[in-house]
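This report refers to the structure that appears directly beneath it.
The values are calculated or read from the model by the stated rules, or taken from the named source; none is laboratory data. Keep in mind it's a predicted model, so treat the numbers as computed, not measured. Cβ: placed from backbone, ideal geometry, glycine included. Neighbour counts: every protein chain shown. Accessible surface is based on the protein model in full, side chains and every heavy atom, while ligands, DNA and RNA are left aside. Shrake-Rupley method; radii C 1.70, N 1.55, O 1.52, S 1.80 Å.
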Amino acid sequence: MARIRSLPDPRLSPEVHQYLKSRGIPFPDCPPFILTPEPTDYPGAVFDFDRVDLVRDVFQCLRHTQGEWAGRPLKPDPWQVAYILAPVFGWVAPNDAGQLVRIIRKVHIEVPRKGGKTTLAGGIATYLTCADGEQGAQVYAVATGKQQARYCFDPVKAIAEKSPDLGPFVKITADRIVHTSSASYFAVVASIADLLHGANVHGAIVDELHVHKDGKLVEAVETGMGARQQPLMVTITTADDSRQTTVYAQRRERIEQLARGAFKDPSTFGVIWAADPKALAGDLEYPFQESTWRRANPGYGISPTRRFMVDAAAQARQSPANLASFLRLHLNLRTKQDTRYLDLGAWDANLGEVSEESLTGCECYGGLDLASTGDLCALCWDFPDGEGGHRALWRLWIPEGGSSPPTGLVSLDLRTAGSASIWARQGLLTVTPGNVADYSYIRNAINQDRARFSVQELAYDPWNSTQLVNDLLADGAPMVQVRQGFASMSPPTKELQRLLLEGSGRYLHGANPAVRWQVDNFAVEMDAAGNVKPSRKNASDKIDAVVSALMALDRAMRHEGAGEPAFLGSA
(Lines give C-alpha, C1' and ligand atoms only; values in the text may rest on other atoms or scores of the structure.)
Protein backbone atom coordinates (compact mmCIF):
# COMPACT_ATOMS: atom_id res chain seq x y z
CA MET A 1 0.00 0.00 0.00
CA ALA A 2 1.44 3.38 -0.97
CA ARG A 3 2.15 5.70 1.91
CA ILE A 4 0.58 9.17 1.95
CA ARG A 5 3.38 11.63 2.62
CA SER A 6 1.04 14.37 3.86
CA LEU A 7 0.09 12.31 6.92
CA PRO A 8 1.31 13.67 10.28
CA ASP A 9 3.68 10.70 10.66
CA PRO A 10 4.08 8.81 7.35
CA ARG A 11 5.64 5.88 9.20
CA LEU A 12 2.18 5.06 10.54
CA SER A 13 -0.40 3.54 8.20
CA PRO A 14 -3.31 5.55 6.79
CA GLU A 15 -5.54 3.13 8.72
CA VAL A 16 -4.13 4.24 12.07
CA HIS A 17 -4.41 7.89 11.06
CA GLN A 18 -8.02 7.30 10.04
CA TYR A 19 -8.77 5.53 13.31
CA LEU A 20 -7.49 8.46 15.35
CA LYS A 21 -9.47 10.93 13.23
CA SER A 22 -12.68 8.90 13.41
CA ARG A 23 -12.47 8.57 17.19
CA GLY A 24 -11.60 12.21 17.82
CA ILE A 25 -8.17 11.38 19.20
CA PRO A 26 -5.65 14.19 18.59
CA PHE A 27 -2.54 13.11 16.76
CA PRO A 28 0.35 12.97 19.24
CA ASP A 29 3.21 15.45 18.89
CA CYS A 30 5.85 13.02 20.22
CA PRO A 31 7.00 10.80 17.34
CA PRO A 32 9.24 7.90 18.40
CA PHE A 33 12.91 7.78 17.51
CA ILE A 34 12.55 4.29 16.02
CA LEU A 35 9.38 2.69 14.63
CA THR A 36 9.05 -0.57 12.72
CA PRO A 37 6.59 -0.96 9.82
CA GLU A 38 3.05 -2.16 10.40
CA PRO A 39 2.07 -5.47 8.73
CA THR A 40 0.05 -3.77 6.00
CA ASP A 41 1.35 -6.12 3.29
CA TYR A 42 0.65 -9.33 5.19
CA PRO A 43 -1.62 -11.64 3.14
CA GLY A 44 -5.24 -10.90 3.98
CA ALA A 45 -4.39 -8.09 6.41
CA VAL A 46 -7.25 -5.82 7.47
CA PHE A 47 -7.47 -3.15 10.14
CA ASP A 48 -10.23 -3.81 12.69
CA PHE A 49 -11.42 -0.56 14.30
CA ASP A 50 -13.66 -2.44 16.75
CA ARG A 51 -10.77 -4.40 18.24
CA VAL A 52 -8.91 -1.22 19.06
CA ASP A 53 -12.08 0.20 20.58
CA LEU A 54 -12.39 -2.87 22.81
CA VAL A 55 -8.84 -2.52 24.09
CA ARG A 56 -9.45 1.14 24.93
CA ASP A 57 -12.71 0.22 26.66
CA VAL A 58 -10.88 -2.27 28.89
CA PHE A 59 -8.29 0.35 29.79
CA GLN A 60 -11.04 2.77 30.81
CA CYS A 61 -12.64 0.16 33.06
CA LEU A 62 -9.49 0.32 35.18
CA ARG A 63 -8.54 3.01 37.69
CA HIS A 64 -5.33 4.81 38.56
CA THR A 65 -4.12 4.02 42.07
CA GLN A 66 -1.54 6.71 42.90
CA GLY A 67 -1.10 10.49 43.10
CA GLU A 68 -3.46 13.09 41.77
CA TRP A 69 -4.83 10.64 39.18
CA ALA A 70 -5.96 8.06 41.78
CA GLY A 71 -9.48 6.81 41.11
CA ARG A 72 -9.68 8.19 37.57
CA PRO A 73 -10.18 5.90 34.55
CA LEU A 74 -7.04 4.55 32.90
CA LYS A 75 -7.68 6.40 29.64
CA PRO A 76 -4.89 5.65 27.13
CA ASP A 77 -2.93 8.67 25.98
CA PRO A 78 -3.00 9.53 22.26
CA TRP A 79 0.63 8.42 21.85
CA GLN A 80 -0.19 5.03 23.37
CA VAL A 81 -3.12 4.56 21.00
CA ALA A 82 -1.34 5.80 17.86
CA TYR A 83 1.99 4.06 18.25
CA ILE A 84 1.13 0.94 20.28
CA LEU A 85 -2.50 -0.08 20.79
CA ALA A 86 -3.86 0.65 17.32
CA PRO A 87 -1.04 -0.97 15.29
CA VAL A 88 -0.72 -4.00 17.58
CA PHE A 89 -4.37 -4.82 18.16
CA GLY A 90 -5.88 -3.39 14.96
CA TRP A 91 -4.10 -5.46 12.32
CA VAL A 92 -5.61 -8.92 11.83
CA ALA A 93 -5.60 -11.61 9.14
CA PRO A 94 -7.28 -15.00 8.61
CA ASN A 95 -5.63 -18.03 10.18
CA ASP A 96 -5.79 -21.54 8.69
CA ALA A 97 -9.34 -21.93 10.00
CA GLY A 98 -10.44 -18.63 8.47
CA GLN A 99 -10.65 -16.82 11.82
CA LEU A 100 -9.32 -13.28 12.04
CA VAL A 101 -6.39 -13.19 14.46
CA ARG A 102 -3.69 -10.68 15.34
CA ILE A 103 -0.75 -10.51 12.96
CA ILE A 104 1.66 -9.01 15.48
CA ARG A 105 2.86 -11.50 18.10
CA LYS A 106 5.90 -9.75 19.59
CA VAL A 107 5.99 -6.11 20.69
CA HIS A 108 9.05 -4.23 21.90
CA ILE A 109 8.40 -0.89 23.63
CA GLU A 110 11.11 1.38 24.98
CA VAL A 111 10.34 4.48 27.00
CA PRO A 112 12.42 6.22 29.65
CA ARG A 113 11.69 5.91 33.36
CA LYS A 114 8.41 7.44 34.59
CA GLY A 115 7.01 6.95 31.10
CA GLY A 116 3.76 5.26 32.08
CA LYS A 117 4.97 1.67 31.71
CA THR A 118 2.93 0.42 34.68
CA THR A 119 -0.42 1.64 33.39
CA LEU A 120 0.35 0.46 29.86
CA ALA A 121 1.39 -3.01 31.08
CA GLY A 122 -1.63 -3.16 33.37
CA GLY A 123 -4.11 -2.36 30.63
CA ILE A 124 -2.62 -4.80 28.14
CA ALA A 125 -2.34 -7.62 30.70
CA THR A 126 -5.95 -7.11 31.80
CA TYR A 127 -7.20 -7.13 28.21
CA LEU A 128 -5.32 -10.32 27.35
CA THR A 129 -6.64 -12.00 30.49
CA CYS A 130 -10.25 -10.85 30.49
CA ALA A 131 -11.33 -9.63 27.05
CA ASP A 132 -9.31 -11.30 24.29
CA GLY A 133 -11.83 -14.10 23.76
CA GLU A 134 -9.35 -16.79 24.79
CA GLN A 135 -10.48 -19.61 27.08
CA GLY A 136 -7.98 -20.59 29.75
CA ALA A 137 -5.58 -17.84 28.76
CA GLN A 138 -2.34 -17.88 30.71
CA VAL A 139 -0.82 -14.41 30.91
CA TYR A 140 2.40 -13.81 32.79
CA ALA A 141 4.48 -11.02 34.25
CA VAL A 142 7.97 -12.19 33.24
CA ALA A 143 11.12 -11.03 35.02
CA THR A 144 14.49 -12.31 36.19
CA GLY A 145 13.45 -12.93 39.79
CA LYS A 146 10.38 -13.05 42.00
CA GLN A 147 10.94 -9.55 43.34
CA GLN A 148 11.48 -8.05 39.88
CA ALA A 149 8.41 -9.86 38.58
CA ARG A 150 6.33 -8.46 41.41
CA TYR A 151 7.40 -4.96 40.40
CA CYS A 152 5.39 -5.66 37.25
CA PHE A 153 2.58 -7.76 38.76
CA ASP A 154 1.78 -5.89 41.99
CA PRO A 155 0.89 -2.54 40.35
CA VAL A 156 -1.42 -4.39 37.94
CA LYS A 157 -2.98 -6.20 40.90
CA ALA A 158 -3.50 -2.87 42.68
CA ILE A 159 -5.14 -1.41 39.58
CA ALA A 160 -7.50 -4.40 39.38
CA GLU A 161 -8.39 -4.16 43.08
CA LYS A 162 -9.27 -0.46 42.75
CA SER A 163 -11.39 -0.90 39.61
CA PRO A 164 -15.08 -1.49 40.50
CA ASP A 165 -16.03 -2.20 36.88
CA LEU A 166 -13.63 -5.15 36.87
CA GLY A 167 -14.48 -6.57 40.31
CA PRO A 168 -17.53 -8.70 39.39
CA PHE A 169 -15.56 -10.57 36.73
CA VAL A 170 -12.30 -11.46 38.48
CA LYS A 171 -10.97 -13.16 41.57
CA ILE A 172 -7.79 -11.63 42.94
CA THR A 173 -5.32 -13.59 45.09
CA ALA A 174 -1.78 -12.82 46.26
CA ASP A 175 -0.23 -14.13 43.05
CA ARG A 176 -3.01 -14.26 40.47
CA ILE A 177 -5.79 -12.28 38.85
CA VAL A 178 -8.33 -14.86 37.63
CA HIS A 179 -11.05 -14.13 35.09
CA THR A 180 -13.68 -16.53 36.40
CA SER A 181 -15.88 -17.03 33.32
CA SER A 182 -13.01 -18.01 31.01
CA ALA A 183 -10.69 -19.59 33.63
CA SER A 184 -7.95 -17.25 32.39
CA TYR A 185 -5.38 -15.73 34.71
CA PHE A 186 -2.54 -13.23 35.01
CA ALA A 187 0.33 -14.42 37.23
CA VAL A 188 4.01 -14.06 38.02
CA VAL A 189 6.73 -16.17 36.39
CA ALA A 190 10.38 -15.63 37.26
CA SER A 191 12.15 -18.82 36.17
CA ILE A 192 11.93 -21.51 33.53
CA ALA A 193 10.96 -23.98 36.26
CA ASP A 194 7.91 -21.82 37.08
CA LEU A 195 6.93 -21.88 33.43
CA LEU A 196 7.30 -25.55 32.65
CA HIS A 197 4.39 -26.81 34.75
CA GLY A 198 1.93 -27.13 31.88
CA ALA A 199 2.32 -23.60 30.58
CA ASN A 200 0.29 -22.78 27.48
CA VAL A 201 1.12 -19.11 27.24
CA HIS A 202 -1.34 -16.68 25.66
CA GLY A 203 0.28 -13.46 26.77
CA ALA A 204 3.39 -12.16 28.52
CA ILE A 205 4.58 -8.81 29.79
CA VAL A 206 8.37 -8.86 29.93
CA ASP A 207 9.54 -6.17 32.32
CA GLU A 208 12.92 -4.40 31.94
CA LEU A 209 14.51 -6.69 29.37
CA HIS A 210 17.89 -5.03 29.88
CA VAL A 211 18.34 -6.70 33.29
CA HIS A 212 17.91 -10.24 31.90
CA LYS A 213 21.28 -12.00 32.01
CA ASP A 214 20.39 -14.31 29.12
CA GLY A 215 17.48 -15.07 26.82
CA LYS A 216 16.51 -18.47 28.22
CA LEU A 217 13.40 -17.35 30.08
CA VAL A 218 12.15 -15.22 27.19
CA GLU A 219 12.81 -18.10 24.77
CA ALA A 220 10.89 -20.47 27.07
CA VAL A 221 7.91 -18.10 27.08
CA GLU A 222 7.99 -17.86 23.28
CA THR A 223 8.16 -21.65 22.99
CA GLY A 224 5.15 -21.94 25.31
CA MET A 225 3.04 -19.83 22.92
CA GLY A 226 3.02 -22.39 20.13
CA ALA A 227 -0.50 -23.72 20.74
CA ARG A 228 -2.31 -20.36 20.89
CA GLN A 229 -4.00 -18.73 17.90
CA GLN A 230 -2.99 -15.13 18.63
CA PRO A 231 -0.44 -15.02 21.45
CA LEU A 232 1.22 -11.75 22.35
CA MET A 233 4.51 -11.03 24.09
CA VAL A 234 5.03 -7.40 25.10
CA THR A 235 8.47 -6.25 26.19
CA ILE A 236 8.52 -2.88 27.99
CA THR A 237 11.97 -1.67 28.93
CA THR A 238 14.49 1.14 29.08
CA ALA A 239 17.86 1.13 27.33
CA ASP A 240 20.94 -0.70 28.56
CA ASP A 241 24.59 0.34 28.78
CA SER A 242 25.41 -0.90 25.26
CA ARG A 243 26.76 -4.30 26.11
CA GLN A 244 26.89 -6.26 22.85
CA THR A 245 25.97 -9.83 23.79
CA THR A 246 22.87 -9.46 26.00
CA VAL A 247 19.33 -10.53 25.17
CA TYR A 248 18.38 -6.83 25.21
CA ALA A 249 21.12 -5.98 22.69
CA GLN A 250 19.92 -8.72 20.36
CA ARG A 251 16.30 -7.60 20.58
CA ARG A 252 17.19 -3.91 20.18
CA GLU A 253 19.33 -4.65 17.13
CA ARG A 254 16.52 -6.67 15.60
CA ILE A 255 14.07 -3.79 16.04
CA GLU A 256 16.53 -1.32 14.52
CA GLN A 257 17.09 -3.64 11.55
CA LEU A 258 13.34 -3.99 10.98
CA ALA A 259 12.94 -0.22 11.15
CA ARG A 260 15.75 0.23 8.59
CA GLY A 261 14.25 -2.42 6.32
CA ALA A 262 17.21 -4.79 6.58
CA PHE A 263 14.60 -7.57 6.54
CA LYS A 264 10.88 -8.02 7.20
CA ASP A 265 9.06 -9.72 10.06
CA PRO A 266 5.35 -8.81 10.16
CA SER A 267 4.89 -10.66 13.46
CA THR A 268 7.23 -8.26 15.29
CA PHE A 269 6.53 -4.61 16.07
CA GLY A 270 8.82 -2.18 17.86
CA VAL A 271 8.66 1.42 19.01
CA ILE A 272 11.44 3.28 20.79
CA TRP A 273 11.35 6.78 22.24
CA ALA A 274 14.78 8.29 22.79
CA ALA A 275 16.85 11.41 22.30
CA ASP A 276 18.98 11.67 19.17
CA PRO A 277 22.47 10.23 19.87
CA LYS A 278 23.95 12.15 16.93
CA ALA A 279 22.73 15.45 18.35
CA LEU A 280 24.29 14.51 21.68
CA ALA A 281 27.67 14.00 20.01
CA GLY A 282 27.66 17.54 18.65
CA ASP A 283 26.13 19.55 21.51
CA LEU A 284 27.07 19.17 25.18
CA GLU A 285 23.94 21.08 26.19
CA TYR A 286 21.62 18.86 24.18
CA PRO A 287 20.73 16.56 27.14
CA PHE A 288 19.64 19.54 29.24
CA GLN A 289 17.27 21.17 26.75
CA GLU A 290 13.53 20.85 27.33
CA SER A 291 12.98 20.06 23.66
CA THR A 292 15.21 17.00 24.14
CA TRP A 293 13.17 15.87 27.13
CA ARG A 294 9.98 16.17 25.09
CA ARG A 295 11.44 14.13 22.25
CA ALA A 296 12.54 11.27 24.50
CA ASN A 297 9.50 11.17 26.80
CA PRO A 298 6.13 10.80 25.04
CA GLY A 299 4.24 11.55 28.26
CA TYR A 300 6.35 14.59 29.14
CA GLY A 301 4.59 17.11 31.33
CA ILE A 302 2.42 14.46 32.96
CA SER A 303 4.72 11.48 33.41
CA PRO A 304 7.45 12.51 33.84
CA THR A 305 6.65 15.99 35.08
CA ARG A 306 8.75 18.96 34.07
CA ARG A 307 9.89 19.42 37.70
CA PHE A 308 11.10 15.83 37.83
CA MET A 309 13.21 16.30 34.69
CA VAL A 310 14.61 19.64 35.89
CA ASP A 311 15.79 18.01 39.12
CA ALA A 312 17.21 14.94 37.35
CA ALA A 313 19.08 17.15 34.86
CA ALA A 314 20.55 19.21 37.69
CA GLN A 315 21.97 16.05 39.26
CA ALA A 316 23.31 14.92 35.89
CA ARG A 317 25.43 18.06 35.64
CA GLN A 318 27.20 17.20 38.88
CA SER A 319 29.18 14.13 37.79
CA PRO A 320 29.87 11.86 34.79
CA ALA A 321 28.20 8.97 36.61
CA ASN A 322 25.02 10.95 37.14
CA LEU A 323 25.11 12.07 33.51
CA ALA A 324 25.42 8.50 32.23
CA SER A 325 22.46 7.48 34.37
CA PHE A 326 20.42 10.46 33.16
CA LEU A 327 21.15 9.70 29.52
CA ARG A 328 20.11 6.08 29.86
CA LEU A 329 17.19 6.25 32.27
CA HIS A 330 15.59 9.55 31.24
CA LEU A 331 16.63 10.00 27.60
CA ASN A 332 16.75 6.26 26.77
CA LEU A 333 20.21 6.53 25.23
CA ARG A 334 22.55 3.57 25.18
CA THR A 335 25.57 5.08 26.82
CA LYS A 336 28.43 3.37 24.97
CA GLN A 337 29.69 4.54 21.57
CA ASP A 338 28.15 2.75 18.59
CA THR A 339 30.53 0.64 16.51
CA ARG A 340 28.54 0.72 13.25
CA TYR A 341 30.82 1.55 10.33
CA LEU A 342 29.02 0.93 7.02
CA ASP A 343 25.95 2.98 6.21
CA LEU A 344 23.06 0.87 4.92
CA GLY A 345 21.72 3.76 2.86
CA ALA A 346 25.08 4.12 1.11
CA TRP A 347 25.09 0.37 0.48
CA ASP A 348 21.66 0.56 -1.13
CA ALA A 349 22.76 3.50 -3.27
CA ASN A 350 25.38 1.25 -4.92
CA LEU A 351 23.12 -1.59 -5.92
CA GLY A 352 23.26 -2.56 -9.57
CA GLU A 353 23.10 -5.61 -11.76
CA VAL A 354 26.07 -7.95 -11.43
CA SER A 355 25.61 -10.53 -14.19
CA GLU A 356 27.69 -13.69 -13.96
CA GLU A 357 27.41 -14.17 -17.71
CA SER A 358 28.89 -10.76 -18.43
CA LEU A 359 31.77 -11.47 -16.03
CA THR A 360 32.82 -14.71 -17.69
CA GLY A 361 36.53 -14.55 -18.46
CA CYS A 362 37.05 -11.32 -16.47
CA GLU A 363 39.88 -10.91 -14.00
CA CYS A 364 38.87 -11.15 -10.36
CA TYR A 365 40.20 -11.52 -6.83
CA GLY A 366 38.60 -13.69 -4.19
CA GLY A 367 38.16 -13.65 -0.43
CA LEU A 368 37.24 -16.85 1.43
CA ASP A 369 35.91 -16.67 4.99
CA LEU A 370 35.40 -20.16 6.38
CA ALA A 371 34.29 -19.13 9.90
CA SER A 372 33.37 -22.15 12.03
CA THR A 373 32.56 -25.58 10.66
CA GLY A 374 28.90 -25.43 11.72
CA ASP A 375 28.05 -21.97 10.49
CA LEU A 376 28.06 -19.65 7.50
CA CYS A 377 30.94 -19.75 5.00
CA ALA A 378 31.39 -16.99 2.46
CA LEU A 379 33.29 -16.37 -0.75
CA CYS A 380 33.40 -13.03 -2.55
CA TRP A 381 34.77 -12.42 -6.04
CA ASP A 382 35.84 -8.82 -6.67
CA PHE A 383 35.98 -7.72 -10.32
CA PRO A 384 37.87 -4.38 -10.71
CA ASP A 385 36.65 -2.33 -13.68
CA GLY A 386 40.03 -0.72 -14.33
CA GLU A 387 38.72 2.74 -13.43
CA GLY A 388 38.68 2.44 -9.65
CA GLY A 389 35.28 0.76 -9.43
CA HIS A 390 34.39 -2.79 -8.42
CA ARG A 391 31.70 -5.40 -8.99
CA ALA A 392 31.17 -7.98 -6.26
CA LEU A 393 29.73 -11.47 -6.49
CA TRP A 394 29.14 -13.78 -3.51
CA ARG A 395 28.82 -17.50 -2.81
CA LEU A 396 27.34 -18.34 0.60
CA TRP A 397 27.10 -21.79 2.17
CA ILE A 398 25.55 -23.08 5.38
CA PRO A 399 24.99 -26.63 6.67
CA GLU A 400 21.41 -27.84 6.98
CA GLY A 401 21.82 -28.24 10.75
CA GLY A 402 19.17 -29.33 13.22
CA SER A 403 16.63 -28.01 15.69
CA SER A 404 17.83 -29.32 19.05
CA PRO A 405 19.79 -27.20 19.64
CA PRO A 406 19.21 -24.96 16.60
CA THR A 407 22.22 -25.10 14.27
CA GLY A 408 23.03 -24.29 10.67
CA LEU A 409 20.10 -23.10 8.54
CA VAL A 410 17.64 -23.71 11.38
CA SER A 411 19.55 -21.31 13.63
CA LEU A 412 19.97 -18.73 10.87
CA ASP A 413 16.25 -18.87 10.13
CA LEU A 414 15.46 -18.09 13.77
CA ARG A 415 17.78 -15.08 13.68
CA THR A 416 16.43 -13.70 10.40
CA ALA A 417 12.69 -14.35 10.87
CA GLY A 418 12.75 -17.10 8.23
CA SER A 419 14.61 -15.02 5.62
CA ALA A 420 17.46 -17.54 5.41
CA SER A 421 15.18 -20.20 3.90
CA ILE A 422 13.92 -17.64 1.40
CA TRP A 423 17.51 -16.80 0.44
CA ALA A 424 18.15 -20.52 -0.04
CA ARG A 425 15.12 -20.90 -2.33
CA GLN A 426 16.30 -17.89 -4.33
CA GLY A 427 19.70 -19.49 -4.84
CA LEU A 428 21.51 -16.83 -2.83
CA LEU A 429 22.46 -19.23 -0.03
CA THR A 430 23.52 -22.83 -0.65
CA VAL A 431 22.47 -25.35 2.00
CA THR A 432 24.79 -28.33 2.34
CA PRO A 433 23.78 -31.62 3.99
CA GLY A 434 24.61 -32.38 7.61
CA ASN A 435 25.51 -30.34 10.67
CA VAL A 436 28.94 -29.08 9.59
CA ALA A 437 30.29 -27.26 6.56
CA ASP A 438 30.77 -29.49 3.50
CA TYR A 439 34.21 -28.34 2.37
CA SER A 440 34.23 -30.72 -0.60
CA TYR A 441 31.14 -28.93 -1.91
CA ILE A 442 32.80 -25.54 -1.42
CA ARG A 443 35.98 -26.82 -3.10
CA ASN A 444 34.04 -27.94 -6.20
CA ALA A 445 32.15 -24.64 -6.37
CA ILE A 446 35.39 -22.64 -6.20
CA ASN A 447 36.98 -24.73 -8.95
CA GLN A 448 33.91 -24.25 -11.14
CA ASP A 449 34.27 -20.49 -10.69
CA ARG A 450 37.98 -20.72 -11.48
CA ALA A 451 37.05 -22.31 -14.78
CA ARG A 452 34.58 -19.51 -15.51
CA PHE A 453 36.47 -16.43 -14.28
CA SER A 454 40.08 -15.35 -14.56
CA VAL A 455 40.94 -15.74 -10.86
CA GLN A 456 44.18 -13.93 -10.04
CA GLU A 457 44.31 -14.53 -6.28
CA LEU A 458 42.13 -16.11 -3.61
CA ALA A 459 42.68 -14.73 -0.09
CA TYR A 460 42.13 -16.73 3.10
CA ASP A 461 42.80 -16.31 6.80
CA PRO A 462 45.67 -18.62 7.86
CA TRP A 463 44.44 -18.63 11.48
CA ASN A 464 41.30 -20.48 10.42
CA SER A 465 42.98 -22.50 7.69
CA THR A 466 41.62 -25.99 7.08
CA GLN A 467 42.26 -28.95 4.82
CA LEU A 468 40.18 -27.12 2.23
CA VAL A 469 42.99 -24.62 1.69
CA ASN A 470 45.49 -27.43 1.17
CA ASP A 471 43.13 -29.12 -1.28
CA LEU A 472 42.69 -25.89 -3.24
CA LEU A 473 46.44 -25.38 -3.34
CA ALA A 474 46.76 -28.90 -4.74
CA ASP A 475 44.15 -27.97 -7.36
CA GLY A 476 46.35 -25.07 -8.45
CA ALA A 477 44.26 -22.28 -6.90
CA PRO A 478 46.29 -19.06 -6.34
CA MET A 479 45.81 -18.98 -2.55
CA VAL A 480 47.14 -15.96 -0.62
CA GLN A 481 47.19 -15.46 3.15
CA VAL A 482 45.44 -12.36 4.50
CA ARG A 483 45.48 -12.08 8.28
CA GLN A 484 42.64 -10.42 10.14
CA GLY A 485 44.62 -7.80 12.08
CA PHE A 486 44.62 -4.04 11.74
CA ALA A 487 47.55 -3.98 9.30
CA SER A 488 45.82 -6.21 6.77
CA MET A 489 42.19 -5.25 7.24
CA SER A 490 42.22 -1.50 7.86
CA PRO A 491 43.06 -0.46 4.25
CA PRO A 492 40.27 -2.47 2.55
CA THR A 493 37.75 -1.65 5.31
CA LYS A 494 38.34 2.08 4.89
CA GLU A 495 38.35 1.72 1.11
CA LEU A 496 34.99 -0.07 1.10
CA GLN A 497 33.51 2.69 3.23
CA ARG A 498 34.95 5.31 0.86
CA LEU A 499 33.62 3.57 -2.24
CA LEU A 500 30.13 3.24 -0.77
CA LEU A 501 29.96 6.85 0.40
CA GLU A 502 31.26 8.08 -2.96
CA GLY A 503 28.29 6.34 -4.59
CA SER A 504 27.58 6.38 -8.33
CA GLY A 505 27.97 2.63 -8.51
CA ARG A 506 31.58 2.56 -7.41
CA TYR A 507 30.95 -0.74 -5.66
CA LEU A 508 28.20 -2.62 -7.49
CA HIS A 509 26.93 -5.56 -5.47
CA GLY A 510 23.72 -6.84 -7.03
CA ALA A 511 21.43 -6.10 -4.05
CA ASN A 512 21.87 -9.57 -2.51
CA PRO A 513 19.58 -9.50 0.60
CA ALA A 514 21.64 -12.14 2.42
CA VAL A 515 24.71 -9.92 2.07
CA ARG A 516 22.74 -6.76 2.89
CA TRP A 517 21.69 -8.30 6.21
CA GLN A 518 25.34 -8.89 7.07
CA VAL A 519 26.32 -5.36 6.02
CA ASP A 520 23.76 -4.11 8.51
CA ASN A 521 25.32 -6.36 11.18
CA PHE A 522 28.86 -5.18 10.47
CA ALA A 523 30.88 -3.45 13.19
CA VAL A 524 34.55 -2.59 13.67
CA GLU A 525 37.23 -2.22 16.28
CA MET A 526 39.59 0.77 16.19
CA ASP A 527 43.12 1.12 17.53
CA ALA A 528 44.81 4.21 18.94
CA ALA A 529 46.15 5.17 15.51
CA GLY A 530 42.71 5.15 13.90
CA ASN A 531 43.04 1.84 12.06
CA VAL A 532 39.95 -0.34 11.87
CA LYS A 533 39.20 -4.02 11.44
CA PRO A 534 36.03 -6.14 11.41
CA SER A 535 34.79 -7.03 14.88
CA ARG A 536 32.75 -10.18 15.31
CA LYS A 537 32.27 -9.48 19.01
CA ASN A 538 30.75 -6.05 18.35
CA ALA A 539 28.71 -7.20 15.35
CA SER A 540 25.05 -7.92 15.95
CA ASP A 541 25.17 -11.17 13.96
CA LYS A 542 27.00 -12.78 11.03
CA ILE A 543 29.40 -10.65 8.96
CA ASP A 544 31.20 -13.37 6.96
CA ALA A 545 30.08 -12.01 3.59
CA VAL A 546 31.53 -8.59 4.42
CA VAL A 547 34.81 -10.07 5.69
CA SER A 548 35.17 -12.10 2.49
CA ALA A 549 34.52 -8.93 0.46
CA LEU A 550 37.22 -7.04 2.37
CA MET A 551 39.79 -9.77 1.73
CA ALA A 552 38.92 -9.78 -1.96
CA LEU A 553 39.07 -5.98 -2.09
CA ASP A 554 42.46 -6.07 -0.38
CA ARG A 555 43.92 -8.21 -3.17
CA ALA A 556 42.28 -6.08 -5.88
CA MET A 557 43.68 -2.90 -4.30
CA ARG A 558 47.19 -4.35 -4.16
CA HIS A 559 46.93 -5.23 -7.83
CA GLU A 560 45.64 -1.78 -8.79
CA GLY A 561 48.23 -0.06 -6.57
CA ALA A 562 46.97 3.51 -6.97
CA GLY A 563 44.68 4.91 -4.31
CA GLU A 564 45.31 2.22 -1.70
CA PRO A 565 44.75 3.61 1.81
CA ALA A 566 47.79 3.36 4.02
CA PHE A 567 47.98 1.46 7.28
CA LEU A 568 48.59 3.93 10.11
CA GLY A 569 51.31 2.38 12.22
CA SER A 570 51.00 2.91 15.96
CA ALA A 571 53.58 5.13 17.56
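Tabulated data
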read-out	value
Accessible area per residue in Å² at 1.4 Å probe, computed on the chain	43 Å²
Farthest positive-ward along the chain dipole, Cα basis, beta-carbon charges - from 422, 465, 229	229
Orientation-averaged projected area, Cα convex hull of region 7-125 (nm²)	8.1 nm²
Formal net charge of residues neighbouring residue 518 (Cβ-Cβ distance under 11 Å; K, R +1; D, E -1)	-2
Volume per residue that the Cα convex hull of the chain spans, once the total is divided by residue count, Å³	174 Å³
Total charge dipole magnitude, the chain, about the Cα centre, Cβ charges on Lys, Arg, Asp, Glu only, Debye to nearest 20	1840 debye
Additional length obtainable on full extension of the chain from residue 48 to residue 281, 0.36 nm per residue less Cα span	79.6 nm
Share of carbon and sulfur in the accessible heavy-atom surface of region 132-289 [1.4 Å probe, %]	52 percent
Carbon/sulfur fraction of accessible area - region 475-529, other protein chains in place, 1.4 Å, %	52 percent
Overall Cα dimensions of region 405-551, principal axis frame, Å, largest first	44, 40, 33
Fraction of accessible area attributable to carbon and sulfur, region 339-394 (%, probe 1.4 Å)	47 percent
Kyte-Doolittle mean at least 0.5 and Cα axial length at least 18 Å: DSSP H helices in the chain	117-130
Net charge, residue 295 excluded, C-beta distance under 12 Å - Lys, Arg +1, Asp, Glu -1	-2
Lys/Arg +1, Asp/Glu -1 at C-beta; region 44-122 dipole; positive extreme among 80, 54, 119	119
Pairs from 117/264; 146/537; 21/216; 264/537; 117/533; 114/162 whose Cα-Cα separation, in the structure shown, is over 30 Å	146/537; 21/216; 117/533
Selected from 447, 479, 147, residue furthest toward positive end of dipole (the chain; charges at beta carbon)	147
Exposed-loop-free span, longest in the chain, where GluC sites (Glu not before Pro) count as exposed if DSSP calls them loop and at most 11 other C-beta atoms lie within 10 Å	1-284
Relative contact order %, the chain, counting alpha carbon pairs below 8 Å whose residues are six or more apart	13 percent
Sum of side-chain charges, residue 347 neighbourhood, beta-carbon under 11 Å (Lys, Arg +1; Asp, Glu -1)	-1
